[in-house]
Amino acid sequence: MATAAYELLRPGTTEIIPVMENEPIHQSLELPRQVASERPTLEPVQVLIIGTLPTVRPEHVFLGTLKDPQYRLRKPIPLDVSVQESEVVVTWSEIDEFGHGGTTGAAVDDFGQTLRELHRQLYAPEAHLGADLQRVKQVLGEYIEPRTK
Amino acid sequence: MADDAPIPSVVAMLICDQVINEEGTNKKSLIGVFENFNSHVFPALMPRLAVYVKVVDAQGAYLFKLRLVRLKDESLVAEFGIQANISDSSHHSELAINMGNLPIAEPGKYEFQLYYGEIFLHRVTIDAIQISGGVPWQPPPMNS
């Protein structure tokens with residue numbers, strides 16, 4: 001039986017210990033003494049392994065992150081998932097953009113990269129946009145915001 | 001999922017043998033970070049494995065899902081629900097999931113996928129590699 005336990009951790013804090021003038025330098029390079037907290041008790045969890053495993057490739061997936069420290073998403077981006085010529089394709093129908101890859105995760109990553117590049121191009125100061133691209137820019141602005149912290 | 005909770009961004013997600021929390025300072029040590037694992041035989045049981053996740057922009061009540069997926073056919077091997085109440089979005093939040101006896105059916109690529117509700121947040125791929133030698137796996141004897 002597989003087991004698991006999880007915990008939300010508290011922020012860690014390190015201490016700077018002043019080095020005495022006559023203290024050998026190698027002592028200041030030693031790792032501080034550490035006391036491990038008790039290992040959490042692992043609880044049995046359900047694991048599917050016998051027979052045919054259920055496929056979890058969804059028909060739709062919500063993208064929650066752009067993997068770029070400059071941007072965050074105000075709301076998740078709904079993507080349709082399909083398989084075309086043995087590649088997984090994710091499509092955002094609202095602006096007709098897509099990403100593809102060998103797996104859903106790879107396709108989502110590819111889509112995220114496409115979206116980051118598109119956002120940079122449309123929001124570049126020198127960009128001169130027609131009506132269609134203005135609409136795409138507006139849609140992107142509804143979902144993506146620059147990170148302020 | 002809470003409607004008003006912001007979507008967290010994952011800034012780190014690592015697979016290791018164990019996450020240890022230091023009692024006095026709450027500093028974490030990730031012991032044995034890895035990307036691949038070898039086994040003489042499959043199916044294999046991973047005796048211990050931990051996932052460390054660090055997120056930003058989280059504030060409120062969250063129900064995360066951690067899935068282990070076999071990438072060959074994107075089939076679900078295991079799924080864990082993680083409930084977290086995060087009070088302060090100005091700090092990073094960290095999660096540690098320690099697991100034992102995870103069954104790995106066959107060699108190949110596997111992926112840990114982190115979801116917030118139905119929202120895909122992050123993924124980490126690991127490779128299960130069969131190495132030569134060893135004793136073939138035998139099913140445990142049935143209890144009569």
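The values are calculated or read from the model by the stated rules, or taken from the named source; none is laboratory data. Please read all numbers here as calculations on a predicted model, not as lab measurements. For neighbour counting, all protein chains shown are included, and Cβ atoms are generated from backbone atoms with ideal geometry for every residue, glycine included.
What number goes with the only condition from (1) surrounded by fewer than 18 Cβ atoms within 10 Å (Cβ to Cβ); (2) more than 30 Å from B:Arg70 (Cβ to Cβ); (3) modelled with pLDDT of 95 or more; (4) not β-branched (Val, Ile, Thr) that A:Asp132 does not pass?
(3)
State which residue is nearest to the other protein chains (Cβ to nearest Cβ) when the search covers only the stretch B:27-44 and only residues that are surrounded by 15 or more Cβ atoms within 10 Å (Cβ to Cβ) and in a loop (DSSP other than H, G, I, E, B).
B:Lys27
Being free of Cβ contacts under 8 Å to residues at least 40 places away in the same chain, more than 10 Å from chain A (Cβ to nearest Cβ) and charged (D, E, K, R) is the filter here, so list the residues in the stretch B:102-131 that pass it.
Across the stretch B:102-131, there are no qualifying residues.
Tell me yes or no: at least one residue of the stretch A:20-35 is part of a strand (DSSP E or B) and either within 12 Å of another protein chain (Cβ to nearest Cβ) or at pLDDT below 70 (or both).
Looking through the stretch A:20-35, none of the residues is part of a strand (DSSP E or B) and either within 12 Å of another protein chain (Cβ to nearest Cβ) or at pLDDT below 70 (or both).
So B:Glu74 fits all but one of (1) without any contact (Cβ under 8 Å) to a residue 40 or more places away in the chain; (2) under 15 Å from A:Glu7 (Cβ atoms); (3) buried (at least 17 other Cβ atoms within 10 Å of the Cβ); what number is the exception?
Condition (2) is where B:Glu74 drops out.
Counting just the residues of the stretch A:36-77 that are of a type in the set (Ser, Thr, Tyr) and not in a loop (DSSP other than H, G, I, E, B), which one comes out modelled with the highest pLDDT?
Applying the filter and picking the extreme gives A:Tyr71.
Return the only residue of A:Gly99, A:Gly105 being under 27 Å from B:Ala5 (Cβ atoms), touching a Lys or Arg at 6+ places or on another chain (Cβ under 8 Å) and crowded, with 17+ Cβ neighbours inside 10 Å.
A:Gly105
Hey, can you tell me all the residues within the stretch B:58-71 that are surrounded by 16 or more Cβ atoms within 10 Å (Cβ to Cβ) and either more than 9 Å from every other protein chain (Cβ to nearest Cβ) or under 20 Å from B:Ala96 (Cβ atoms) (or both)?
Selection gives B:Ala58, B:Gln59, B:Gly60, B:Tyr62, B:Phe64, B:Lys65, B:Leu66, B:Arg67, B:Leu68.
Quick check: anything in the stretch B:81-92 within 10 Å of chain A (Cβ to nearest Cβ), of a type in the set (D, E, K, R) and buried (at least 17 other Cβ atoms within 10 Å of the Cβ)?
The answer is no, given that none of the residues of the stretch B:81-92 is within 10 Å of chain A (Cβ to nearest Cβ), of a type in the set (D, E, K, R) and buried (at least 17 other Cβ atoms within 10 Å of the Cβ).
Which count do you get for residues in the stretch A:114-124 that are within 14 Å of another protein chain (Cβ to nearest Cβ) and surrounded by fewer than 21 Cβ atoms within 10 Å (Cβ to Cβ)?
1
With respect to B:Ala50, is the statement that it is touching a strand residue (DSSP E or B) at 6+ places or on another chain (Cβ under 7 Å), buried (at least 16 other Cβ atoms within 10 Å of the Cβ), more than 8 Å from every other protein chain (Cβ to nearest Cβ) and at pLDDT 90 or above true?
In short, yes.
So A:Val83 ticks every box in (1) within 11 Å of chain B (Cβ to nearest Cβ); (2) crowded, with 20+ Cβ neighbours inside 10 Å; (3) modelled with pLDDT of 90 or more but one. Which box is left unticked?
(2)
Can you tell me how many residues within the stretch B:1-26 are assigned to a loop (DSSP other than H, G, I, E, B), of a type in the set (Val, Ile, Thr) and more than 7 Å from chain A (Cβ to nearest Cβ)?
Qualifying residue count for the region: 0.
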